[in-house]
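The values are calculated or read from the model by the stated rules, or taken from the named source; none is laboratory data. All values reported here derive from a predicted model rather than from experimental measurement. Glycine gets a Cβ as well: all are built from the backbone with ideal geometry, and neighbour counts include every protein chain shown.
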């Protein structure tokens, strides 16, 4: 490892330790690393928007004679009026356009992903000739029981109450699996950082001694 790479890895190791120092208590090292992440992220995304949105979607079309692009350019400039109490009303047309177009794009996507796909995922072949068909029966039962728990127009007693109670267990299994996956992801990130620190300090020891 060269000297330059060793120095940059040392900076990275310092920032990693600064972030994890919050596990002890809030301190200036953690605040420095936190502010650095926020500042670098803001600058990085500003450059992405500049080169991937502002230039190709406004400046380049205008320079090639597509002058109708000046309309979204003006709408974008009006967004800056939000910083003025006197002129902030000028940003309302832009906000209305953004919210309306965003809703028009998001609603069909949500309907497709969270309604239609969920319905199609529960329309499974069932039977007792193979293990997947048996598990499909269990999946369908768990789906209906989970829905029964959220059905409040009927008192949760008797058979319906038992189904609702089984629906609670179904929800707990789902929440537990989701939480477990989240924890596993965080532990994987921690393990990767620990390996990085181990390798860096080993290389630093070899370089110094």
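Please tell me if residue 56 is modelled with pLDDT under 95, surrounded by 13 or more Cβ atoms within 10 Å (Cβ to Cβ), on the phi < 0 side of the Ramachandran plot and not in a loop (DSSP other than H, G, I, E, B). For residue 56, the condition - modelled with pLDDT under 95, surrounded by 13 or more Cβ atoms within 10 Å (Cβ to Cβ), on the phi < 0 side of the Ramachandran plot and not in a loop (DSSP other than H, G, I, E, B) - is not met.
Considering the range 20-46, the residues that are under 21 Å from residue 191 (Cα atoms) and part of a helix (DSSP H, G or I) include one that is nearest to the chain's Cα centre (by Cα), namely 37. What tally of residues in the range 87-116 results from selecting those that are farther than 19 Å from residue 73 by Cβ and not in a helix (DSSP H, G or I)? Count: 0. Looking only at the range 100-115, decide whether some residue is in contact with a helix residue (DSSP H, G or I) (Cβ under 6 Å, 6 or more places away or on another chain) and either at pLDDT 90 or above or farther than 30 Å from residue 9 by Cβ (or both). For the range 100-115, residues in contact with a helix residue (DSSP H, G or I) (Cβ under 6 Å, 6 or more places away or on another chain) and either at pLDDT 90 or above or farther than 30 Å from residue 9 by Cβ (or both): absent.
What pairs can you find where one residue is in the range 194-209 and at negative phi and modelled with pLDDT of 90 or more, the other is surrounded by 13 or more Cβ atoms within 10 Å (Cβ to Cβ) and part of a helix (DSSP H, G or I), and their Cβ atoms are less than 6 Å apart, with a gap of 6+ or different chains? Qualifying pairs under 6 Å: 197/13; 200/9; 200/13. Right, residue 127: in contact with a helix residue (DSSP H, G or I) (Cβ under 6 Å, 6 or more places away or on another chain), surrounded by 10 or more Cβ atoms within 10 Å (Cβ to Cβ) and at positive phi or not? Here the answer is yes, as residue 127 does meet what is asked. Scan the range 63-86 for residues that are farther than 20 Å from residue 53 by Cα and either touching a strand residue (DSSP E or B) at 6+ places or on another chain (Cβ under 6 Å) or part of a helix (DSSP H, G or I) (or both) and jot them down. Within the range 63-86, 81, 82, 83 qualify.
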